[in-house]
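K.L.:
Here it is: the structure, laid out below.
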Amino acid sequence: MIPEQLVDLSRLQFAATAMYHFLFVPLTIGMVWLLVIMESVYVMTGQVVWKDMTRFWGKLFGINFALGVTTGITLEFQFGTNWAYYSHYVGDIFGAPLAIEGLMAFFLESTFIGLFFFGWDRLTKTQHLMVTLLMAVGTNLSALWILIANGWMQNPVGAEFNWQTMRMEMTDFWAVVFNPDAQAKFVHTVSAGYVTGAMFVLAVSSGYLLKGRDVAFAKRSFRVASAFGLASVLSVIVLGDESGYTVGEAQQTKMAALEAMWETEPAPAGLKLIAGINEQAQKNDWEIEIPYLMGLIGTRSVNKQIPGIHEIKARNRARIVNGITAVTALETLRKHRDDAQARRVLEATKGDLGFGLLLKKYTSDVRQATPDMIDRAMHDTVPRVTPMFWSFRIMVGLGFAMLLLFGLSFWSTLKSDCRARPWLLRAAVLMLPAPWIACELGWVVAEYGRQPWTIYGVLPTHMSVSTLSVNSLYGSLAGFIGFYTVLLIVEVYLMQKFARQGPGSLGTGRYQHEPAHA
Amino acid sequence: MIDYPTLKILWWLLIGVLLIGFAIMDGHDMGVGTLLPFVGQGDDERRVVINTVGPHWDGNQVWFITGGGAIFAAWPLVYATAFSGFYWAMLAVLWALFFRPVGFDYRSKIHNATWRSTWDWGLFVGGAVPPLIFGVAFGNLLQGVPFGFDDYLISTYTGSFWQLLNPFALLAGVVSSAMITMHGGTYLAHRTEGAIQQRAARGAAGAAALMVLAFLGAGLWLKFGGIQGYVITSAIDPGALPDPLAKTVARSADAWWLNYHGQPLLWLLPLTGIAGAAAAALLVSARHTLSAFVASSLAIAGVIGTAGAAMFPFVMPSSTQPGASLTVWDSVSSPLTLGLMFWATLIFMPLIVLYTAWAYRVMRGKVTLAHIRANQHTAY
């Protein structure tokens, strides 16, 4: 039996390091396109302020990028160090997009980022723009492949269990690549990154404008950020809705949980704005609802039902019971490879093998599972409703707040001088943390919402871990917390130092707050 | 379609190529990091050293990340067993690598001597620790690692971190460290001039000599020191579905020498390792720095190839449950994934080599003190 504490600590470490990594990634993904836009204007118009914009925002981009690289390696390592059984069980499918990400995307972005910073005097204007563009393409392609891998965890298509090798094996690569979950996730996630990049540039530029410094530089940055941000936030919201629509059981379970929809409601179901969730009694004490809306969004129809939590659990209970047969047959086969009867049974029931493995949390011999264990495993199949419900609502609320901000900013910069509305500039500064909060909560909805599985319906989280000692986990977790705290302090210190210093930090002699020359 | 046995062999070769590529590309900037505190005296000199790899270290590090990804995709069981078994060693590598991105990018952004020298030592750690640990890991692979599988193929490592640090493994760590230092030294000599170049060249030559001695020492220890190799004693079906529990394995004193007895041409590998290092030392002393770098790259290929050829078909032998040892035949992915990844590598690897070469071409030439002083705000 795998100790529950080991599983919890492994999850905590992965969640902490992944969410920490995701503080830096969205900004990289978004800011890189702003750099491409700014540099394109420079190449087309020849105005040096656009070059300075590219270089100054590029400097902040670089500070952020360094930590993105640092913390990204942790995640690749962790699949092997802490999720060894996961790596073995699904490496045949999951490893491929990861390796392709390296070959197709990481090399591209990491090679060209060097030339982006050091190539200004050695490349022609057009060559340098190409370098920036390739860096942007690389960054976004890496998001594509990692989300193909992640999408497969949510909706494991194009693969089959092989009892002889005791793992999942790929049967159709293109099904994995064109997995609707992966595609919806990709566009939603990169758009969220674009919003983050735009928000960052908008807020910092607003700060300069409020202080009335480097106005020509800041106004242009503000304008680019508001236009790019408006387009991006619209895309996040529309494409976020698309991820809601995506079918599949994992998404159904998540939707029921994040909507706190305990009972299957007559179609089209209403959308709950807020509710008093009672996890104990598995119901809502009260709710405020917009009629019909959820059904329309979730099914794109007026007559398809969305299953509620109780219905999903009842369905899963049957699958767990069937899964016991599958696990038993598999264990027989592993001992007696030529047992034809066991092979037939496994063939017939292997769709529910993962559900049978859910019982391994409670007993090492699933044939001995009591009705109580089966019930507990059944309840495990839907994540806790409260964190899902509120994470989702805060994320969506922040999305709409940013839509309003970018809309107003864009209108303001088109209509007249954006300095005419200091309240808007102040709002932009205050909203700086919004995209980060929304991104992290989006991660919670997607990944906490997948529990109790690492691979939905295939591999339970508690079976996925490495067989390490609990003390090893405490040690490594402490190490990560120590390193990451120091790194965050250093990063934020440098970020705010250079953001405060502004374009003067380039030392071109064209801006305020030029550093003294050594 | 390529048949399964061929794919298995191709992937053994490809992982070898990726490891050697990693050691040559990321190795030279790790070597530069190792030498940094010793060859750079004063802040400006250290900035010269750092800026020889400043534009390239990030791209080079992807060899490591891609190597890891390729092992994950092609040898998932090796990835799972090695990374979790070598838990603390892998974390030490990871945490050492933390110092590189921030060291390179943040060091010169603040004018403060303590700040800068702290990050210089950080870059030293990020350059020196990973090659040392990889060498130690290879030293342990040659002796076998205590792990086993249950019926579910859940792997369990039964050793401790400290037993990885046994004398033979430490000697392998010295081979690896000296090799990477030599390599970084030749690169640094190529990209610098004057006193820095002189110190780098001296460092490279010294490291080359140490590497040859340690490499020969490890070979003799392997031959006469009672380290047993592993050999598969059951029939091998290269086309079979991978199942690491389906074979029997015995330990024997001459097992790691069998491939060399069978294929005398393999002796060219250790020969290349030694001759390459000797040539690198001579060439760098005569300031033929580019040739020295090439010779040093050949030495790396020779040394890594020597260990790989000795162990083939073993990748990760088990000392406690020898039958569960991971080999080229039984720890691989499905034919579909191996084939797919083979073509992906074949398409992208040449592209990567091309644009990396272009990036080096753009940044070619010596990094000088004058250059650093003229670019205070943009150089690392």
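Results for (1) within 8 Å of another protein chain (Cβ to nearest Cβ); (2) of a type in the set (Lys, Arg); (3) farther than 15 Å from B:Val62 by Cα, shown as yes or no for each residue.
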residue: A:Ala96; (1), (2), (3): yes, no, yes
residue: A:Leu108; (1), (2), (3): yes, no, no
residue: A:Phe117; (1), (2), (3): yes, no, yes
residue: A:Leu123; (1), (2), (3): yes, no, yes
residue: A:Thr126; (1), (2), (3): no, no, yes
residue: A:Met130; (1), (2), (3): no, no, yes
residue: A:Gly138; (1), (2), (3): no, no, no
residue: A:Ala143; (1), (2), (3): no, no, yes
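K.L.:
With the condition being of a type in the set (Val, Ile, Thr) and surrounded by fewer than 16 Cβ atoms within 10 Å (Cβ to Cβ), I'd like the helices (runs of 4 or more DSSP H) fully within the range A:411-518 carrying at least 3 qualifying residues. Talk me through it step by step, then tell me what you get.
P.N.:
On the way: elements: A:422-430, A:434-447, A:470-501.
Answer list for the range A:411-518: A:470-501.
K.L.:
What's the total number of residues in the range A:77-90 that are under 16 Å from B:Val62 (Cβ atoms) and surrounded by 23 or more Cβ atoms within 10 Å (Cβ to Cβ)? Steps first, please.
P.N.:
At the first step, the residues of the range A:77-90 found to be under 16 Å from B:Val62 (Cβ atoms) are A:77.
Then keep just the ones that are surrounded by 23 or more Cβ atoms within 10 Å (Cβ to Cβ); that gives none.
The total comes to 0.
K.L.:
Something else now. With the structure loaded, tell me whether A:Ile274 is surrounded by 19 or more Cβ atoms within 10 Å (Cβ to Cβ) and modelled with pLDDT of 85 or more or whether it fails that test.
P.N.:
On the way: surrounded by 19 or more Cβ atoms within 10 Å (Cβ to Cβ): no; modelled with pLDDT of 85 or more: yes.
For A:Ile274, the condition - surrounded by 19 or more Cβ atoms within 10 Å (Cβ to Cβ) and modelled with pLDDT of 85 or more - is not met.
K.L.:
Could you check, for the range A:43-51, whether at least one of its residues is at positive phi and over 20 Å from the mean Cα position of the chain (by Cα)?
P.N.:
Of the residues in the range A:43-51, the ones at positive phi are A:46.
Now drop any that are not over 20 Å from the mean Cα position of the chain (by Cα), which leaves A:46.
Checked the range A:43-51: at least one residue is at positive phi and over 20 Å from the mean Cα position of the chain (by Cα).
K.L.:
Would the range A:358-365 turn up any residue that is exposed (fewer than 13 other Cβ atoms within 10 Å of the Cβ), without any contact (Cβ under 8 Å) to a residue 12 or more places away in the chain and over 22 Å from A:Asn162 (Cβ atoms)? First the steps, then the outcome.
P.N.:
Taking the range A:358-365 first, the residues exposed (fewer than 13 other Cβ atoms within 10 Å of the Cβ) are A:364-365.
Cutting the leftovers down to without any contact (Cβ under 8 Å) to a residue 12 or more places away in the chain gives us A:365.
In the following step, the residues that additionally are over 22 Å from A:Asn162 (Cβ atoms) were identified as A:365.
For the range A:358-365, residues exposed (fewer than 13 other Cβ atoms within 10 Å of the Cβ), without any contact (Cβ under 8 Å) to a residue 12 or more places away in the chain and over 22 Å from A:Asn162 (Cβ atoms): present.
K.L.:
Turning to a different aspect of this structure: Mind telling me which of the residues B:Leu164, B:Leu141, B:Leu153 ends up being surrounded by fewer than 23 Cβ atoms within 10 Å (Cβ to Cβ) and within 13 Å of another protein chain (Cβ to nearest Cβ)? Before the answer, list the steps.
P.N.:
Working: B:Leu164 fails: within 13 Å of another protein chain (Cβ to nearest Cβ); B:Leu141 fails: within 13 Å of another protein chain (Cβ to nearest Cβ).
Being surrounded by fewer than 23 Cβ atoms within 10 Å (Cβ to Cβ) and within 13 Å of another protein chain (Cβ to nearest Cβ) holds for just one of B:Leu164, B:Leu141, B:Leu153, which is B:Leu153.
K.L.:
Between a first residue in the range A:141-168 that is of a type in the set (D, E, K, R) and a second residue that is surrounded by fewer than 22 Cβ atoms within 10 Å (Cβ to Cβ), which pairs have beta carbons less than 7 Å apart while being 6 or more apart in sequence or on different chains?
P.N.:
Short answer, once both residue conditions are applied: A:Glu160/A:Glu169; A:Glu160/A:Thr171.
K.L.:
Keeping to the range B:82-123, report how many residues are charged (D, E, K, R), facing another protein chain (nearest Cβ under 7 Å) and buried (at least 23 other Cβ atoms within 10 Å of the Cβ).
P.N.:
Filtering the range B:82-123 for residues charged (D, E, K, R) gives B:100, B:105, B:107, B:109, B:116, B:120.
Adding the requirement that they be facing another protein chain (nearest Cβ under 7 Å) leaves B:105, B:109.
Applying the additional criterion that residues be buried (at least 23 other Cβ atoms within 10 Å of the Cβ) yields B:105.
Counting residues in the range B:82-123 that are charged (D, E, K, R), facing another protein chain (nearest Cβ under 7 Å) and buried (at least 23 other Cβ atoms within 10 Å of the Cβ) gives 1.
K.L.:
Report yes if some residue within the range B:194-209 is in contact with a strand residue (DSSP E or B) (Cβ under 8 Å, 6 or more places away or on another chain) and not acidic (Asp, Glu); otherwise report no.
P.N.:
First, the residues of the range B:194-209 that are in contact with a strand residue (DSSP E or B) (Cβ under 8 Å, 6 or more places away or on another chain): none.
No.
K.L.:
Can you find a residue in the range A:123-136 that is closer than 30 Å to B:Gly54 by Cβ, surrounded by fewer than 17 Cβ atoms within 10 Å (Cβ to Cβ) and touching a residue at least 24 places away in the same chain (Cβ under 8 Å)? Talk me through it step by step, then tell me what you get.
P.N.:
At the first step, the residues of the range A:123-136 found to be closer than 30 Å to B:Gly54 by Cβ are A:123-136.
Subsequent filtering for residues that are surrounded by fewer than 17 Cβ atoms within 10 Å (Cβ to Cβ) retains A:123-127, A:130.
From what's left, touching a residue at least 24 places away in the same chain (Cβ under 8 Å): A:125-126.
For the range A:123-136, residues closer than 30 Å to B:Gly54 by Cβ, surrounded by fewer than 17 Cβ atoms within 10 Å (Cβ to Cβ) and touching a residue at least 24 places away in the same chain (Cβ under 8 Å): present.
K.L.:
Restricting attention to the range A:467-517, which residues are under 30 Å from A:Lys219 (Cβ atoms) and more than 11 Å from every other protein chain (Cβ to nearest Cβ)?
P.N.:
Restricting attention to the range A:467-517, the residues satisfying the condition of being under 30 Å from A:Lys219 (Cβ atoms) are A:491-517.
Result: A:Val492, A:Gln496, A:Ala499, A:Arg500, A:Gly502, A:Pro503, A:Gly509, A:Arg510, A:Tyr511, A:Gln512, A:His513.
K.L.:
I would also like to ask the following. Give the residue, chosen from A:Glu169, A:Glu160, that is of a type outside the set (A, V, I, L, M), in contact with a helix residue (DSSP H, G or I) (Cβ under 7 Å, 6 or more places away or on another chain) and not in a helix (DSSP H, G or I). Explain how you work it out, then say what you get.
P.N.:
On the way: A:Glu160 fails: in contact with a helix residue (DSSP H, G or I) (Cβ under 7 Å, 6 or more places away or on another chain).
Answer to the check: A:Glu169.
K.L.:
Criterion first (under 22 Å from the mean Cα position of the chain (by Cα) and closer than 27 Å to B:Tyr187 by Cα) does B:Leu271 satisfy it? Even if it seems obvious, please write down each step before you answer.
P.N.:
Values: under 22 Å from the mean Cα position of the chain (by Cα): yes; closer than 27 Å to B:Tyr187 by Cα: yes.
The answer is yes for B:Leu271.
K.L.:
Working only within the range A:80-94, note down all residues that are facing chain B (nearest Cβ under 7 Å) and either hydroxyl-bearing (Ser, Thr, Tyr) or under 18 Å from the mean Cα position of the chain (by Cα) (or both).
P.N.:
A:Thr81, A:Tyr85, A:Ser87
K.L.:
Based on what the data block shows, is A:Phe24 within 8 Å of chain B (Cβ to nearest Cβ), more than 15 Å from B:Ala73 (Cα to Cα) and touching a residue at least 12 places away in the same chain (Cβ under 8 Å)? Spell out the reasoning first.
P.N.:
Values: within 8 Å of chain B (Cβ to nearest Cβ): no; more than 15 Å from B:Ala73 (Cα to Cα): yes; touching a residue at least 12 places away in the same chain (Cβ under 8 Å): yes.
It is false that A:Phe24 is within 8 Å of chain B (Cβ to nearest Cβ), more than 15 Å from B:Ala73 (Cα to Cα) and touching a residue at least 12 places away in the same chain (Cβ under 8 Å).
K.L.:
Then there's this: For the range B:71-80, what are the residues that are farther than 15 Å from A:Leu75 by Cα and facing chain A (nearest Cβ under 7 Å)?
P.N.:
Correct list: B:Ala73, B:Pro76, B:Leu77.
K.L.:
Here is a list of conditions, (1) assigned to a helix (DSSP H, G or I); (2) surrounded by fewer than 22 Cβ atoms within 10 Å (Cβ to Cβ); (3) away from every other protein chain (no Cβ under 13 Å), and A:Gln13 meets all of them except one; can you say which number that is?
P.N.:
The one condition A:Gln13 does not meet is (3).
The values are calculated or read from the model by the stated rules, or taken from the named source; none is laboratory data. The model shown is predicted, which means the values in this text are computed figures rather than measured ones. In this analysis, Cβ positions are derived from the backbone assuming ideal geometry, glycine residues included, and neighbour counts consider all displayed protein chains.
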